[in-house]
Amino acid sequence: MYPKKYPRNQWYVAAHSEDVGRQLLSRWLLDEPVCLYRTSENAPVALADRCIHRQMPLSKGRLGDDDTIECGYHGTVYRTDGQAERIPSQPNVPRACRVHRFPLFEKWGLVWIWMGKPELADPARIPGHHWLTDPGWATVRGTLPMKARAQLLNENLLDLS
């Protein structure tokens, strides 16, 4: 019913800006787990939400004062670029020990994520949503948890058209 493959080389909304803070936030985007948070300098970060060892969600770990994430399973520490910085019980960290970092761009009160090839991430390709921050427009947002497939909600809303 839903596609198995998604267009990757385009921007998607990962979160509202105010939802991303100094706590680790887990989101599933295009069937991939993503861990979102902000650095101490307020820059948003998105890393693959899976530790390279045992695939523990990084969002279940701990955010350090130095903006690193410590995995809750074995304590591997990752920097904001996804590179592992410290592995308990071993003195050297291999360069290949890293998780993927997704390009992000913040605009119109939204955090946009690029799920494709990072070198193709061009913020000029973000579709216009100026009304979200325009004082002449009212923006209403919220979450309505439903015990149903998203397709049923989409069909219901399309009935209005």
> In Å, what is the Rg of the alpha-carbon atoms in the chain, and how long is Dmax?
Replying inline: 17.8, 62
> Mind checking which lysines have their C-alpha under 25 Å from K5, skipping anything on the same chain fewer than 8 residues away?
Replying inline: K117, K147
>> With a 1.4 Å probe and all protein chains kept in place, how much accessible area does M146 have, in Å² rounded to the nearest 10?
In response: 100
> Among G61, G21, G136, whose mean-square fluctuation peaks in a Gaussian network model of the chain (Cα, cutoff 10 Å)?
Replying inline: G136
>> If I model a spin label as a point 7 Å beyond the Cα along the Cα-Cβ vector, how far apart are those points for E41 and N9 in nm?
In response: 3.0
>> Less than 10 Å Cβ to Cβ from S40, Lys/Arg counted +1 and Asp/Glu -1: what total charge do the surrounding residues give?
In response: -2
>> With the crude spin-label approximation of a point 7 Å out along Cα→Cβ, what separation in nm comes out for L152 versus R62?
In response: 4.2
> Which one of N9, G109, T143 is farthest out on the positive end of the charge dipole of the chain, using unit charges on Cβ (Lys, Arg +1; Asp, Glu -1) and the Cα centre as origin?
Replying inline: N9
> Size of the dipole of segment 1-78 about the Cα centre, Lys and Arg at +1 and Asp and Glu at -1 on the beta carbon, nothing else charged, in debye to 20?
Replying inline: 440
> When only alpha-carbon atoms count, how far does segment 1-55 stretch along each of its three principal axes, as whole angstroms with the largest first?
Replying inline: 40, 29, 18
> Taking the Cα centre of each part, how many Å lie between segment 35-90 and segment 105-157?
Replying inline: 26
> Assigning unit charges at the beta carbon (Lys, Arg +1; Asp, Glu -1) and nothing else, what dipole magnitude in debye, to the nearest 20, does segment 36-118 show about its Cα centre?
Replying inline: 360
> Counting each DSSP H run of 4 or more residues in the chain as -39500 (n - 2.57), what helix-only mean residue ellipticity at 222 nm follows after dividing by all residues, to the nearest 500 deg cm²/dmol?
Replying inline: -1500 deg cm²/dmol
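The values are calculated or read from the model by the stated rules, or taken from the named source; none is laboratory data. Bear in mind the structure is a predicted one, so any value in this text is a computation, not a measurement. Note that we place each Cβ from the backbone using ideal geometry, even for glycine, and neighbour counts take in every protein chain shown. Note: areas computed on protein heavy atoms with side chains; ligands, DNA, RNA excluded. Shrake-Rupley method; radii C 1.70, N 1.55, O 1.52, S 1.80 Å.
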